[in-house]
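What follows is a set of notes on a single structure, which appears directly below.
Rule-based calculations on the coordinates, nothing more; no lab input. Here the structure is a predicted model, which means the values were calculated and not measured. For neighbour counting, all protein chains shown are included, and Cβ atoms are generated from backbone atoms with ideal geometry for every residue, glycine included.
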Amino acid sequence: MNILNIIKNLKINFFKKENIFFGIIIFFIFALDRISKNQIISNYNENTVFINDNLNFDLIWNTGVGFGLLSSNSDIFYNIITMIIGLVIIFLSLISLNLDKLEKVIYCTIIGGAIGNFYDRLKFKAVPDFIDLHYNNFHWFTFNVADIFISIGIIAFILRSFFVKN
């Protein structure tokens, strides 16, 4: 199959009614993430907000990938990681066009969250994380709404691969 046929098939699949619906899911997740981050950045800046004994809102700027892994002060390393994340989002989006509905929902949760964090990497050169779950002095990694959706999608993907046979 040549590249023109591949592009033609992608175009046909992209504009299917169900794929437009899944695009709306991605947009909804992205919008929820943006709203939450904008509220935290605008209203709380870098102040810690006590919610209850196990939850605070505490804005930190994450230059790494998930949960602050691979954080670096190197602009080159940051840009390479950001480019790889962008390529993964494109790759997952293209794969999701031809999946069944359950798999598309799983991919949409991952893609929607990934786009939210990717947007922040481009706009702020860091991702604002603010949800601080803790028990006494043990604090889990600080995360955001996009991270929640990415985690849900990855967990669903793993569970589906263990329990659903093709």
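See the values below:
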item: Aspartates and glutamates whose Cα lies under 16 Å from that of Lys17, excluding same-chain neighbours fewer than 8 positions away; result: Asp100
item: Inter-probe distance in nm under a simple model that places probes 7 Å from Cα toward Cβ, at His139 and Val88; result: 2.4
item: Difference of contour (0.36 nm per residue) and Cα-Cα distance, Glu103 to Phe77; result: 6.1 nm
item: Filter on Lys101/Lys165; Lys16/Lys104; Lys37/Lys101 - keep pairs with C-alpha separation over 18 Å; result: Lys37/Lys101
item: Under Karplus coefficients 6.51, -1.76 and 1.60, residue-wise ³J(HN,Hα) of the range 151-163 in Hz, glycine/proline x; result: 5, 4, x, 5, 4, 4, 4, 5, 4, 4, 5, 7, 10
item: Burial order of peptide ranges 108-118, 47-57, 136-146, 76-86 (average beta-carbon count within 10 Å, highest first); result: 108-118, 136-146, 76-86, 47-57
item: Spin-label model distance (nm) - Asn43 vs Glu18, 7 Å beyond Cα toward Cβ; result: 3.9
item: Nitroxide proxy distance, nm - points 7 Å out along Cα→Cβ at Phe27 and Leu55; result: 2.9
